[in-house]
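K.L.:
Below is one structure. I have some questions about it.
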Amino acid sequence: MLRFFRINDPYRLIPLLVVMGLVGLPFLIDLPSVTASELNDLVLGERMGSKILYVDIIDRTPPLMAVIDGFLNFLFGRSILARHILALFLLFFQASYFAILLINNKAYNENSYVPSLIFGFLCFFSFDLLAITPELLASTILLFALNNIFKEIEFRVDRDSIVLNLGVFLGMASLIVFAYTIFLIAAILILMVFARTTPRKVILLLLGYGLTHGITFTLYYYLGHSSDLWENFYMANAQQVRIVVMGSGALLILGIVPIVYFVISLFMLTRDARFTKYQSQIFQVLFFWLVLAAIELFLEPEIAPHSFMTFLPPLAYFISHYLLLIRRKAIAEFMVWIFVTGILIISFSARMAWIPQVDYSKLFPKTSLYEGEIHGKKVMIVGKDPGLYLKNSLGGSFLDWELSQVYFEDPESYESIIKINEAFVKDPPDAIVDELNLMEPVMDRLPRVKKLYRKEGSVYWRL
């Protein structure tokens, strides 16, 4: 396998696509349930065509991700299989692009597609990477940013457009995953250390980054909702409570093979590798990128296996470099097969729940108590019950309860009542689930709305 991908032939990527398709086939046939993150994107995407995010939909999802959710809903509806197939192609694109990036920038002494092979199998260390997640989409854009960083470090290409484009890519990534803003700081530090960049280029980088956010802010300002953008996107994401979906022990089990190979790679590369000056800079940049990816995890709102997408490029680089340094071909081939089989065995075993320490249960939404009672309806949930959206769509405006609860807990506030009333006027729900018993004082202040509903237990049904 190593010998096959060691040849510098772009057509070697076609077998890689076949291999990734075969490895991913069991996950596509035995399709897992919709994860909580996917479900939120599905529900949001269904309403993006007719509502304004942060105004008519109270949610903290970054704007570019919300637009993509709407486009995916237009293409696929609620088809999870179609989205997972698209995710597989995106992972293949990342693996291919990263290998081409390294070849074009002469990162190794020999040009090969071994990094694409390693990258491709790293994508299967957990089944939830095979899904359209914000991390998958944003990390794809970060690869474009990484390519521009390499171009700027290499003095043969010296154009202001490279730095400007770098800022634009970083800005786009942060509009999909807000925590990826940290890579702007990483890019500035890398350029200052390795490219001896001038203050003018730092300003260009910031200008490119600010351009994407400036366009977004200008659009909302034109619509008269810039305060909603600030509160429900910037402030909400900056203050978001961190949720650990999977513990460090389980993540360590899933990633034990890449971790072991990475440690071995660092030891061998620092001892045996002979770098040119530019290759040494690439080595240091990718190591620094890996460190920043680890820091970024502490800013992520949700810690799950798919949160580690930004780790894949540097890991693929270091592990591939180590394998290419092994002089005896038989040993190198053996190490590749150990790497591949180790990742797949652990991944499939965890997926089939054969490893008790790896618990995926928190990755999925809990089954709603009202699942059999409410289905095919537009629902408004006063509280937390995302599982109800599995068979229903969003009614009203309130998707993110942490942002929405301020309106229901303060019915005396004029602004709160106006906001709730607008939700009923624009998109009246067919059913309101009120486990927290917060709707009664709200209904008392909205008599016209109250006449449209009857209460049965904790559910308000529209007449």
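The values are calculated or read from the model by the stated rules, or taken from the named source; none is laboratory data. Since the structure is predicted, the reported quantities are computational estimates derived from the model, not experimental observations. Methodologically, a virtual Cβ is constructed for each residue, glycine included, from the backbone with ideal geometry; neighbour enumeration extends over all protein chains shown. Only protein heavy atoms, including side chains, enter the accessible area calculation; ligands, DNA and RNA are left aside. Shrake-Rupley method; radii C 1.70, N 1.55, O 1.52, S 1.80 Å.
K.L.:
Would you check which residues across segment 98-109 are buried (at least 18 other Cβ atoms within 10 Å of the Cβ) and under 19 Å from Ile14 (Cα atoms) and list them?
P.N.:
Phe98, Ala99, Leu101, Leu102, Ile103
K.L.:
Among what's in segment 59-79 and is in a loop (DSSP other than H, G, I, E, B) and among the charged types (D, E, K, R), pick the residue that is least open to solvent (accessible area, probe 1.4 Å).
P.N.:
Filtering segment 59-79 for residues that are in a loop (DSSP other than H, G, I, E, B) and among the charged types (D, E, K, R), the one least open to solvent (accessible area, probe 1.4 Å) comes out as Asp59.
K.L.:
Given the conditions (1) open to solvent by 70 Å² or more (accessible area, probe 1.4 Å); (2) out of contact with any helix residue (DSSP H, G or I) (no Cβ under 8 Å at 6 or more places or on another chain); (3) under 20 Å from Met1 (Cα atoms), which single one is not true for Lys329?
P.N.:
Against the list (1) open to solvent by 70 Å² or more (accessible area, probe 1.4 Å); (2) out of contact with any helix residue (DSSP H, G or I) (no Cβ under 8 Å at 6 or more places or on another chain); (3) under 20 Å from Met1 (Cα atoms), Lys329 comes up short only on (2).
K.L.:
Please specify each residue of segment 30-68 satisfying the condition of being in contact with a strand residue (DSSP E or B) (Cβ under 8 Å, 6 or more places away or on another chain) and more than 21 Å from Pro429 (Cβ to Cβ).
P.N.:
Listed by number, the residues that qualify are Ser37, Pro63.
K.L.:
Take the residues of segment 183-214 that are among the β-branched types (Val, Ile, Thr) and surrounded by fewer than 20 Cβ atoms within 10 Å (Cβ to Cβ): which is nearest to the chain's Cα centre (by Cα)?
P.N.:
So the residue we want is Ile185.
K.L.:
Any chance segment 391-404 includes a residue that's buried (at least 17 other Cβ atoms within 10 Å of the Cβ), over 30 Å from Ser33 (Cα atoms) and under 32 Å from the mean Cα position of the chain (by Cα)?
P.N.:
no
K.L.:
Let me ask something additional. Tell me which helices (runs of 4 or more DSSP H) are completely within segment 215-307 and hold 1 or more residues being touching a Phe, Trp or Tyr at 6+ places or on another chain (Cβ under 8 Å), hydroxyl-bearing (Ser, Thr, Tyr) and surrounded by fewer than 19 Cβ atoms within 10 Å (Cβ to Cβ), or say none if there are none.
P.N.:
Fully inside segment 215-307 and qualifying: 226-229.
K.L.:
If you take the residues in segment 1-58 that are β-branched (Val, Ile, Thr) and assigned to a loop (DSSP other than H, G, I, E, B), which one is surrounded by the most Cβ atoms within 10 Å (Cβ to Cβ)?
P.N.:
Thr35
K.L.:
Among (1) under 24 Å from Phe233 (Cα atoms); (2) at pLDDT below 95; (3) of a type outside the set (S, T, N, Q); (4) not in a helix (DSSP H, G or I), which single condition is Ile176 missing?
P.N.:
Checking Ile176 against (1) under 24 Å from Phe233 (Cα atoms); (2) at pLDDT below 95; (3) of a type outside the set (S, T, N, Q); (4) not in a helix (DSSP H, G or I), the one that fails is (2).
K.L.:
What are the residues in segment 407-457 that are of a type in the set (D, E, K, R), open to solvent by less than 90 Å² (accessible area, probe 1.4 Å) and in a loop (DSSP other than H, G, I, E, B), if any?
P.N.:
Asp410, Asp427, Asp430, Asp434
K.L.:
Which of the residues belonging to segment 171-194 are over 29 Å from Asp69 (Cβ atoms) and in contact with a Phe, Trp or Tyr (Cβ under 8 Å, 6 or more places away or on another chain)?
P.N.:
Matches in segment 171-194: Leu189, Ile190.
K.L.:
Here are the criteria: (1) within 22 Å of Thr35 (Cα to Cα); (2) part of a helix (DSSP H, G or I); (3) open to solvent by less than 40 Å² (accessible area, probe 1.4 Å); (4) at pLDDT below 95. Tell me which single one Leu91 does not satisfy.
P.N.:
It fails just one condition, (4).
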